[in-house]
1. Take the chain, connect every pair of alpha-carbon atoms lying under 10 Å apart with a spring to form a Gaussian network, then pick out the residue of Ser215, Ser327, Ser265 with the largest mean-square fluctuation.
2. Treating only the Cβ of Lys, Arg, Asp and Glu as charged (+1, +1, -1, -1), what charge dipole size does the stretch 105-247 show about its Cα centre? Round to the nearest 20 debye.
3. Between Glu254 and Arg321, what FRET efficiency comes out of the Förster formula 1/(1 + (r/R0)^6) with R0 = 22 Å and r the beta carbon distance, rounded to 0.05?
4. Express the Stokes-Einstein translational diffusion coefficient of the stretch 268-358 in µm² s⁻¹, to the nearest whole number, given a Kirkwood radius over alpha-carbon pairs, 37 °C and a viscosity of 0.692 mPa s.
5. Which value, in debye to the nearest 20, describes the size of the charge dipole of the chain about its Cα centre when Lys and Arg Cβ atoms bear +1, Asp and Glu Cβ atoms bear -1, and nothing else is charged?
6. Can you tell me how much longer the chain between Glu199 and Arg183 gets when fully stretched, taken as 0.36 nm per residue apart minus their C-alpha distance, in nm with one decimal?
7. Counting only residues 5 or more places away or on other chains, whose amide H sits under 5 Å from the amide H of His176 once H atoms are built in the peptide plane?
8. For the stretch 214-367, what does the accessible surface come to per residue with a 1.4 Å probe? Please give it in Å².
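The values are calculated or read from the model by the stated rules, or taken from the named source; none is laboratory data. Keep in mind that what you see is a predicted model, and the values were worked out from it rather than measured. No Cβ is skipped: glycine too gets one built from the backbone with ideal geometry, and neighbour counts run over all protein chains shown. Remember, those area values only see protein heavy atoms, side chains included, never the ligands or the DNA or RNA. Shrake-Rupley method; radii C 1.70, N 1.55, O 1.52, S 1.80 Å.
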Amino acid sequence: MRSRSSIYDIPTPALLVDVSALDRNIARMAAFFASGPCRLRPHVKAHKTPAIARRQLAAGSCVGLTCATVSELEAVKDLCEDLLVANEIVSPDKCARAAVLAHDRVVTVAVDSIAGIDALAAAARTAGVTIGILVDVNVGQGRCGVEPGDEAVALATRIAATPGLTMRGVMGYEGHLQPLRDRAEREARTRDAMRGLGETAREIRAAGIPCEVVSSGGTGTYDISGRVDGVTEIQAGSYALMDTDYASVGVPFEPAFFVLGTIVSRPSPERCVADCGHKSMTKDHGYPSVRGVDRATVTALNDEHAVIAVPASCTLSIGDRVQLLPSHTDPTVNLHDVFYVIEGERVVDVWPISARGYHEHLITPSS
Ligand SMILES: Cc1ncc(COP(=O)(O)O)c(C=O)c1O
């Protein structure tokens, strides 16, 4: 790739990461977990970028990495020896790809069904490996997961008796509590959710089944779940890059990524249009914010256009660059092939977003 030394040389729309801000976020989270006993297992789904995962591991306090997809698992397979898929994998091809990786590292997968247990066990036995399992417990989010208590104990019993699998513990992601703006409510409800998860872990142990891992947490609750007795690891992901939605939750991390656009039209003194629409950043959590332009507001995000309302005094003109802070990290990152890594206005590196999309679905059509 041709060297591009300044943000003015980058073709837009482009995804940029401010490496100093990224490193500060990573260091702040690592410092929180340095005093243990709970550890950090950064979630790769937020950035899908091995170069960022490497920095998270290097900062310390980590037990390994968390993934949501097999593409993510494969993208970070060489970075550490303990990988968790905090998500259900049930199709035989994906189970087989996860199983192959268990030859050289600990691979653990969340399950919430007998079908899931059977699919992973079959893949593990075929590959001649053992796959670790966490019972996925619904702690209130109402997505995947069995109910706390008896249902979870029954699944754990089944896992412990299944050749090819090792029962390692439980996980419960309190995703519904991450965005709660009211800190007191977030704390109370998170503690309550973790109580149910902890009790389930105790019931599994009381049944004579191993349950060493209790995995949970995200960026909005890391300092709540991460201090609950018995929770052993936190799966936070968004903290590294931070979007504007999370910024309004009140967590101590700073925006470290943005979409760079070029002003392509200034149809009136009160309106600019940039070339970065929702094919370059999502709007499911609201419009992006404009960085460093006084009273500029995004009023529409079309496929290839960001419409920005500005005061008539704004000096932005055609060809100028604008930086937009996205409202939702994970799906925005997934739209791009690379991060341009910047220090100030200098581009110091380009990082492939290797796990974007679903590489594991690529097939060669038979002729
Ligand atoms: C299972 C699971 N764990 C952890 C996370 C990380 O949460 P956050 O991005 O809020 O840090 C997510 C995010 O969606 C998740 O789905």
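1. Ranking Ser215, Ser327, Ser265 by mean-square fluctuation puts Ser265 first.
2. Charge dipole, the stretch 105-247, about its Cα centre: 340 debye, nearest 20.
3. After rounding to 0.05, the efficiency reads 0.60.
4. Numbers: Rh = 14.2 Å.
Once the numbers are plugged in, D ends up at 231 µm²/s.
5. Approximately 400 debye in magnitude.
6. Length difference between fully extended and current span is 3.4 nm.
7. For His176, the qualifying residues are Gln141.
8. On the way: 6460 Å² over 154 residues.
Per-residue value: 42 Å².
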